[in-house]
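Take a look at the structure set out below.
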Amino acid sequence: MKKILFALATILILCGAFVLLAPKLVTIEAVRRSLTREVAGWSGRALTFDGTPTVAFTPYPTVTFSKVRISSDKDPQPLVEMDSLSAELSFLPLLIGRVRPSLLELDNPVFRFGINEKGLPNWTLPRALRGDSELGRLVIRSGTLHYLGRDQRELLLTGVDARLDWPDPAATASIKGSAVWQDEPFDFNGSIGTPLDLVSGRKTALRFAIASTPLRAAFTGTVANLADPEGEGDLTVTTPSIRRLAGIFGVPMGEGSTLGSASIESPTTLAARTLTFSNAKISVDGNESEGALSINFTHGRPAVQGTLAFESLDLSAYAEALASMVTAARTTPDLPFPLGALDSNDLDLRVSAAQVLLGSARLGRTAASATIRDERLNLSVGEALLYGGRLSASLSASLQDEAASASLQGRIDGLPVRAALSDLFGIGQLDGTGSGTVNLSAHGTNWNGLMASLSGSGKATITDGTFEGVNIGALSQAITADGTMSGNLLGGSTKFTQADGTFAISADRITAPSILVTGTGYTITLSGEAPLQATTLSARGELTIDRATGATSTPIRVPFIVGGNWERPTLVPDFSGLSRRGDATPAMGPVRRMANTLLRAIR
């Protein structure tokens, strides 16, 4: 018992002696020199302050400096300035007269870091990380961080509250805190296995995590080389909205139903300023893919390159969004197109899918690519199986001029016409196997300019087909020898051997100067036009029936007019064409009788 009391008395005496001697041991000049040494170790610059520092013992010896500044030799503004800096002093070194801060608390600090166009920073780290610092903790309250990158883009963090713990130079350093970036609050935490190894260029363990509403990310792996970081490990990133995340990074995308939730999970490496996802699992708007992706930051603007494979790729929402954009452009035809966002980075992406859903359309195996380089966008569909047919297309757009230009080429072969037209346009009256090509080009800064400059041409062929609504065979037999007709002339269907047509696009209109349909015992010739921005159509044609009479063949010609719109076209006899033919008995001939019968049936 006496030993315990003696020990307690000794402790009380030492504590009392410390309280009496500490004010003499803690001199402002000694603390200033010690802090200057620490600050110089981290920034390479001296520390200045205003007024007279205060000393407190609650419960540890603490010295507080007001209006502290750390200057920069490369910038007239201070590297760091703060309302106050409090230094908590280590107890044991103080007993032998050594003033060493173990904790620094920065109140309302403002950090200004930057890298000039030559890649040189405005700070230096001459000796702080050599391992001779006794500073074990750093606390930041309500801080602000300005970071100006080499591309002169500024990163601004406000409301920074952070705590760095590094109790021993050979031990793990950890950090935890929160901040606000682009009005979005986020929490962060991380640790570095051995910071001294990082500074010396050796590998060390690294772990970090970021949690916020628009972004969650986590990394576990290794890192090396503080000056030019390299690393490898496992990275997971998720976001509920790509659009919201892009806005935070200074690429506003506006509101929309697409580019919502996304995630990436992959082994990751960082080397030579290139971030590589070697075996990535990527999800965008519910579309799951696997592949490889890399982002290169060497030349200021990111360069994205990758190959992704989808089992099923649903682009229906993107098609609806594109249709909405076209509708909006038509309602405001003089507003310029927002093309600048297409040139924010370089892109080289290849995509394959076992199935592609595009609204009511279903595509089979598809391979496509997209590139953006030197202000030029190129999209290419190398192959797409469309209802058993093969589709290929390419789109090229130049963003170099004030009036952007674009061109489109497409080709389709072996297309089952009925299935495609029924699903895509709700048209089920035509069948056969189709093929065709199309070439379009346009330039302009707005919708009016684009449509005024749109031009192109194409051709289409349908073989071994059928069209519904008229039975030409029955029509031919309905004309009797005495010039009368009987039976139902409408309804049924007609087979044809081949239908060929060409078309041209110019001045916001599509014209078809020559369409020829051939079948057993008849031919149809047709020409017409239609505006591109309306559903109406106008065409004239002639049906020629080769009706054999004994050893001779007497052709019967029936001119007709096609009108209405694409959804509900109308077909009526062309009486003006009949009159122009000057038949010997125009009033009662079989052709006029047939025309009158057709007209009555249609009405």
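For the range 197-208, the set of residues classified as open to solvent by 40 Å² or more (accessible area, probe 1.4 Å) and touching a Lys or Arg at 6+ places or on another chain (Cβ under 9 Å) consists of VAL199 only.
Go through PRO302, PRO252, PRO229, PRO240 for me and flag whichever is open to solvent by 50 Å² or more (accessible area, probe 1.4 Å) and within 28 Å of ILE192 (Cα to Cα). Spell out how you get there, then give the answer.
Details: PRO302 fails: open to solvent by 50 Å² or more (accessible area, probe 1.4 Å); PRO252 fails: within 28 Å of ILE192 (Cα to Cα); PRO240 fails: within 28 Å of ILE192 (Cα to Cα).
Answer to the selection: PRO229.
When ALA370 is tested against (1) modelled with pLDDT under 90; (2) surrounded by 14 or more Cβ atoms within 10 Å (Cβ to Cβ); (3) not acidic (Asp, Glu), only condition (1) is not met. Candidates in the range 213-247 are the residues that are in a strand (DSSP E or B) and of a type in the set (A, V, I, L, M, F, W, C); of these, the one that is nearest to the chain's Cα centre (by Cα) is VAL237. Does PHE57 satisfy being surrounded by fewer than 20 Cβ atoms within 10 Å (Cβ to Cβ), at pLDDT 65 or above and farther than 23 Å from PRO167 by Cα? Criteria not met by PHE57.
Based on this model, can you work out whether THR269 counts as part of a strand (DSSP E or B) and touching a Gly at 6+ places or on another chain (Cβ under 8 Å)? It would help to see each step written out before you state the result.
Values: part of a strand (DSSP E or B): yes; touching a Gly at 6+ places or on another chain (Cβ under 8 Å): yes.
Here the answer is yes, as THR269 does meet what is asked.
A count restricted to the range 185-215 and to residues that are touching a Leu at 6+ places or on another chain (Cβ under 8 Å) and closer than 26 Å to GLY250 by Cβ stands at 4. Contact map, the range 521-547: residues that are in contact (Cβ under 8 Å) with a residue 60 or more places away in the chain paired with residues that are assigned to a loop (DSSP other than H, G, I, E, B) and open to solvent by less than 60 Å² (accessible area, probe 1.4 Å), Cβ distance under 7 Å, separation 6+ or inter-chain. Pairs shown: LEU532/ASP508; GLN533/ASP508; ILE545/GLY521.
Return yes when LEU235 is more than 23 Å from ALA271 (Cβ to Cβ) and crowded, with 16+ Cβ neighbours inside 10 Å and no when it is not.
Values: more than 23 Å from ALA271 (Cβ to Cβ): no; crowded, with 16+ Cβ neighbours inside 10 Å: yes.
Against the criterion (more than 23 Å from ALA271 (Cβ to Cβ) and crowded, with 16+ Cβ neighbours inside 10 Å), LEU235 does not qualify.
Looking at ALA224, ALA211, can you tell me which residue is surrounded by fewer than 16 Cβ atoms within 10 Å (Cβ to Cβ), over 29 Å from ALA319 (Cα atoms) and of a type in the set (A, V, I, L, M)?
On the way: ALA224 fails: surrounded by fewer than 16 Cβ atoms within 10 Å (Cβ to Cβ).
Result: ALA211 is the single residue among ALA224, ALA211 that is surrounded by fewer than 16 Cβ atoms within 10 Å (Cβ to Cβ), over 29 Å from ALA319 (Cα atoms) and of a type in the set (A, V, I, L, M).
Restricting attention to the range 289-299, the residues that are farther than 19 Å from ALA271 by Cβ and open to solvent by less than 30 Å² (accessible area, probe 1.4 Å) total 2.
In summary, VAL517 fulfils each of the numbered conditions (1) assigned to a loop (DSSP other than H, G, I, E, B); (2) modelled with pLDDT of 90 or more with the single exception of condition (1).
Regarding LEU313, is this residue closer than 30 Å to LEU120 by Cα and crowded, with 16+ Cβ neighbours inside 10 Å?
Working: closer than 30 Å to LEU120 by Cα: no; crowded, with 16+ Cβ neighbours inside 10 Å: yes.
Taking the combined requirement at face value, the residue does not satisfy it.
Say whether the condition of being modelled with pLDDT of 75 or more, surrounded by fewer than 18 Cβ atoms within 10 Å (Cβ to Cβ) and more than 17 Å from LEU532 (Cβ to Cβ) is met by at least one residue in the range 452-459. Scanning the range 452-459 turns up at least one residue that is modelled with pLDDT of 75 or more, surrounded by fewer than 18 Cβ atoms within 10 Å (Cβ to Cβ) and more than 17 Å from LEU532 (Cβ to Cβ).
Looking across ASP546, ASP574, ASP508, one residue alone is charged (D, E, K, R), open to solvent by less than 50 Å² (accessible area, probe 1.4 Å), within 25 Å of THR466 (Cβ to Cβ) and at pLDDT below 85. It is ASP574. Pairing residues of the range 416-439 that are within 19 Å of GLY458 (Cα to Cα) and in a helix (DSSP H, G or I) with residues that are open to solvent by 60 Å² or more (accessible area, probe 1.4 Å) and of a type outside the set (A, V, I, L, M, F, W, C), at Cβ distances under 7 Å and at least 6 apart in sequence or on separate chains, gives VAL417/THR433.
Here GLY434, GLY428 are screened, and the one residue that is touching a helix residue (DSSP H, G or I) at 6+ places or on another chain (Cβ under 6 Å), surrounded by 18 or more Cβ atoms within 10 Å (Cβ to Cβ), closer than 27 Å to ILE515 by Cβ and of a type outside the set (Ser, Thr, Tyr) is GLY434.
The values are calculated or read from the model by the stated rules, or taken from the named source; none is laboratory data. The shown structure was predicted, so the numbers you read here are calculated from the model rather than taken from an experiment. Glycine gets a Cβ as well: all are built from the backbone with ideal geometry, and neighbour counts include every protein chain shown. For accessibility, only protein heavy atoms count, side chains too; no ligands or nucleic acids. Shrake-Rupley method; radii C 1.70, N 1.55, O 1.52, S 1.80 Å.
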